[in-house]
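Novice: Sharing a structure below in structure tokens format, with a few things to ask.
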Amino acid sequence: MLFRSALSTEEKSSDRDTPSPDSGSTPVTIIEADGSTPPPPTTVPVYMPPSPGDGSPTDDPDPRDQGLPLAGPAAPALPQARLLGRSLRPLRRRVASRTNQVLDETATVDRIAAEDLWIPVLRPEPERWFDVDLVIEASSFSFIWQSTLQEFQQILAGQGAFRRVRPWWVYPGEDGQPRLVTRPPTQTPGLGRSHRELVDGTGRSLVLYVSDCRSSLWQRGTIHPWLQLWGQYGPTALVQLLPAEWWDTTDLDGGDRVQASAFSPGPTNPKLYLHQSPQPYADPRSLALPVVTLTEGALQQWALVVAGGGGQRVPARLFDLEWVADPEREMAWQLPVFSTSADQVSYFRATASPTAQQLAQAMAALPVSLPVVHLIQKHLLPEATAVHVAEVYNGLLRSQSHSSGAEPRYDYSPGLRQQLIQTTPSD
């Protein structure tokens, strides 16, 4: 009897603590494909080396293949999730529905009193403004952003600003043309889908294309016509995974640097006014593409432009579609080649942000692993974001040929780890 009473009390307390759904709210729909990757675990395996050695992890063999696993609490991939959600508040507005109607009680009573007509007056029901299509381009560094983009998708769905959030994936097919699927390419991709499925004739859909702009789709100019088509029917933006300092090392360098602003809410890309450009608007042979990063300031600036805040600008690139599709054009970027590890470290320190340099030094004391990197962000460098992680991976790390499993392994090139450890303060 005592056990039953305690259990009943706990059940009643749980019922009281559970909030009731708001009858006046519109639930957001997250459309996920079958077999999508589940959310990241709440614990992370931390491997201790089997012997102390010289006190630093070795490059070969990987300590994770020999060490003792220990369970530790995992850290979020987007530690600034609350700030990112706050930056999207300009998009939290209601518009009149084109299909649903509700009873206007005041207007109905006025009609009865004035005209003696007992006919209900209906008005369009207010609903959320946009749908969101999150299109993720697959690349060799996709695993770095998997957890980050999953959390970003949850941020989009939890803002109360969007009717539904649909994830898509794009990767180059055997013919070099982009292929659109509803599952990550690491899983069974399934049949390809038409990119016209993302076209909304009502202009009530946002397209966020996630890429680092270093794939063959950008080099050959095959993704640009898709972006132009989506931008003709609704706001379309590029979510650049790399920081702004690295954009010139990608195929974004094939477009002119401009700034875009809007004079009305929800502008399509051809209606964006282009500053610092020889042409104020994009013509049918060009593509105007706003560029944002996964940071609070960049997302807020873009959201204000989409909301028609007036006087707001967002960085953008203006592409000549005929030129980017020319197979004989020279590639706009080339990764530097270093003869020594000291040259690579010097180049990284000259080009990387101070936060990325601190993150690289902290990562040098441990075996490189994304869950561990997230722990470093949470406890040692809370100001570090996903773009700083990308700076380290792109600037200093190399793929490990002996790696096994679904997630590729990266580590510092020979000599880099010891140089970073020696220059790291002991505290």
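Novice: Bin width 5 Å, alpha-carbon pairs only: give the P(r) of segment 346-403 as whole percents, running from 0 to the bin holding the largest distance.
Specialist: 4, 18, 35, 24, 13, 5, 1
Novice: Need one number: convex hull volume per residue for segment 164-211, Cα atoms only, in Å³.
Specialist: Each residue corresponds to 99 Å³ of Cα convex hull volume.
Novice: Can you give me the C-alpha center-to-center distance between segment 207-258 and segment 294-362, rounded to a whole angstrom?
Specialist: Segment 207-258 and segment 294-362 have Cα centres separated by 11 Å.
Novice: Which order do peptides 208-215, 227-234, 273-280 fall in by mean Cβ count within 10 Å, highest first? Walk me through the numbers before you get to the answer.
Specialist: Values: 208-215: 23.4, 227-234: 20.8, 273-280: 13.5.
The packing order, highest mean first, is 208-215, 227-234, 273-280.
Novice: In nm, to one decimal, how far is the residue 383 label point from the residue 83 one, both placed 7 Å along Cα→Cβ?
Specialist: 0.9 nm
Novice: Go through segment 146-237 and name the GluC sites (Glu not before Pro) that are in a DSSP coil and have 13 or fewer other Cβ atoms within 10 Å of their Cβ.
Specialist: Loop-located and lightly packed - 174.
Novice: Can you tell me the accessible area per residue over segment 234-329, all protein chains present, probe 1.4 angstrom, in square angstrom? Can you show the working numbers first?
Specialist: On the way: 3970 Å² over 96 residues.
Roughly 41 Å² per residue, with all protein chains present.
Novice: On the accessible surface of segment 244-377, probed at 1.4 Å, how many percent belong to carbon and sulfur atoms?
Specialist: Carbon and sulfur together cover 52 percent of it.
Novice: If I compute solvent accessible area with a 1.4 Å probe over the protein chains, what percent of it on segment 94-196 is carbon and sulfur? If you can, show how the numbers build up before the last one.
Specialist: On the way: 2770 of 5510 Å².
Accessible surface attributable to carbon and sulfur in segment 94-196 totals 50 percent.
Novice: Still on this model: Quick check on packing: order 161-169, 346-354, 124-132 by the mean number of other C-beta atoms within 10 Å, highest mean leading.
Specialist: Highest to lowest by the protection proxy: 161-169, 124-132, 346-354.
Novice: Pop out the ³J(HN,Hα) list for segment 261-276 in order, Karplus 6.51 cos²θ - 1.76 cosθ + 1.60 with θ = phi - 60°, rounded to Hz; leave Gly and Pro as x.
Specialist: 9, 9, 9, 8, x, x, x, 6, 4, x, 8, 6, 7, 9, 8, 6
Novice: Can I ask one more? Tell me, what is the per residue accessible area of segment 144-214 in Å², probe radius 1.4 Å? Don't skip to the end; give the middle numbers.
Specialist: Values: 2860 Å² over 71 residues.
Spelled out: the 1.4 Å probe surface of segment 144-214, per residue, equals 40 Å².
Novice: Then there is this: About the Cα centre, and with charges only on the beta carbon of Lys, Arg (+1) and Asp, Glu (-1), how big is the dipole of segment 238-337? Nearest 20 debye, please.
Specialist: For this selection, approximately 500 debye.
Novice: Under the rule a/c < 1.5 gives rounded, and otherwise a/b versus b/c splits prolate from oblate, where does segment 221-341 land using the Cα gyration tensor?
Specialist: On the way: a/c = 2.26, a/b = 1.38, b/c = 1.63.
Because a/c hits 1.5 or more and a/b fails to exceed b/c, segment 221-341 counts as oblate.
The values are calculated or read from the model by the stated rules, or taken from the named source; none is laboratory data. Every value quoted in this text rests on a predicted model; they were computed, and no experiment measured them. Neighbour counts run over all protein chains shown; Cβ positions are idealised from the backbone, glycine included. All accessible areas refer to the heavy atoms of the entire protein, side chains included, with ligands and DNA or RNA removed. Shrake-Rupley method; radii C 1.70, N 1.55, O 1.52, S 1.80 Å.
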